[in-house]
Amino acid sequence: MRSQQAALQRGLDELALALPAGAREKLLAYLELLAKWNKTYNLTAIRDPEKMISHHLMDSLAVLPHLPAGTLADIGSGGGLPGIPLAIAQPERRVTLNDVNQKKGAFLQQAVIELKLSNAEVHIGRVQDWQPAHPFACVISRGFAEIADFIATCRHLLAPGGLLAAMKGVFPQAELARLPAGADCGDVRRLKVPLLEAQRHLVLCRCKG
């Protein structure tokens, strides 16, 4: 645990990210919960505690400076990434975690309860069938689908002027060549993820119609 605490602090220092009181403890508690449930539900292939800091927490938190203010939906959240770290880091932001898988949805609901995330809720079901009462300022996905599919299945969740944010590894040249009409994904930002020697990009898309 002490090595995880040190790695987390190094990563937060590199991001120059100021977290609210108790957030560091909640982030580590989240990883403990993820590791516990992972033994049964296979939520993540990463089991090394320090790799969880870099590949899960830092990878998620690195997008924060690039997201618009307002409500956020995390599509295909799985083990809660990036939605749970974002909800912990920004308790003033409403975050909805979505997954179609019932077991993953059960984990997400338990995590929200155990971590006392009063700003987070869970929606289990196909995103195509989801008609939220209030559309979102931002809809984010970490490996949910190719960008074109992400746009096709999620654009109806956006409030006017909202953003779709697709988390990707290497620059997704081929995916950007296959965008649907009315989608502007020209804003692609290279992310520097602390403790992680790998390429990461965030593709921000605006949709017309």
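Just so it is clear, none of the values below were taken in a lab; they were calculated from the coordinates. Not measured: the values here are computed from a predicted model. When we count neighbours, we look across all protein chains shown, and the Cβ atoms used for this are built from the backbone with ideal geometry, even at glycine.
A few points about this structure:
- Seen against the Cα atoms of the chain and their longest principal axis, helix 102-114 is set at about 60 degrees.
- Of the beta bridges in the chain, as assigned by DSSP with both residues counted there, near 40 percent are antiparallel.
- To the nearest ten degrees, helix 2-15 and the longest principal axis of the Cα atoms of the chain are 40 degrees apart.
- Computed over region 68-130, the ratio Rg/Rh where both radii use C-alpha atoms and Rh is Kirkwood: 0.94
- Highest-MSF residue in the chain out of LYS36, LYS192, LYS103 [GNM, Cα springs under 10 Å]: LYS36
- For region 26-81, alpha-carbon Rg relative to the globular expectation (2.2 N^0.38 Å, N residues): 1.20
- Candidates ALA106, ALA120, ALA177: whichever shows maximal mean-square fluctuation once the chain is modelled as a Gaussian network with Cα springs under 10 Å: ALA177
- For GLY80, the shell of other residues with beta-carbons less than 14 Å away shows a net charge of -1, using +1 for Lys and Arg and -1 for Asp and Glu.
- Summarised as an ellipsoid, the chain has semi-axes of 26, 20, 16 Å, derived from the eigenvalues of the Cα gyration tensor scaled by 5 and square-rooted, with the largest first.
- Between LYS208 and ASP187, the simple label model (points 7 Å from Cα in the Cβ direction) yields a spacing of 1.7 nm.
- Most mobile listed residue (ILE88, ILE147, ILE124) in the chain, GNM with C-alpha springs under 10 Å: ILE124
- In region 1-46, taking the dipole from charged Cβ atoms about the Cα centre, the farthest positive-side position among GLN4, LEU17, TYR41 is held by TYR41.
- Cα-Cα over 30 Å, subset of LYS116/LYS208; LYS26/LYS168; LYS36/LYS168: LYS116/LYS208
- Karplus (6.51, -1.76, 1.60) ³J(HN,Hα), θ = phi - 60°, over region 198-206, in Hz, Gly and Pro reported as x: 7, 6, 9, 9, 10, 9, 9, 10, 10
- In region 22-99, the GluC sites (Glu not before Pro) that fall in loop regions by DSSP, at most 12 other Cβ within 10 Å: GLU92
- Computed on region 28-162, with alpha-carbon pairs under 8 angstrom and 6+ residues apart, the relative contact order is 24 percent.
- Under a model in which nothing but the beta-carbon of Lys, Arg (+1) and Asp, Glu (-1) is charged, the chain shows a dipole of about 80 debye around its Cα centre.
- Between region 98-139 and region 61-78, the Cα center-to-center distance that results, in Å: 13 Å
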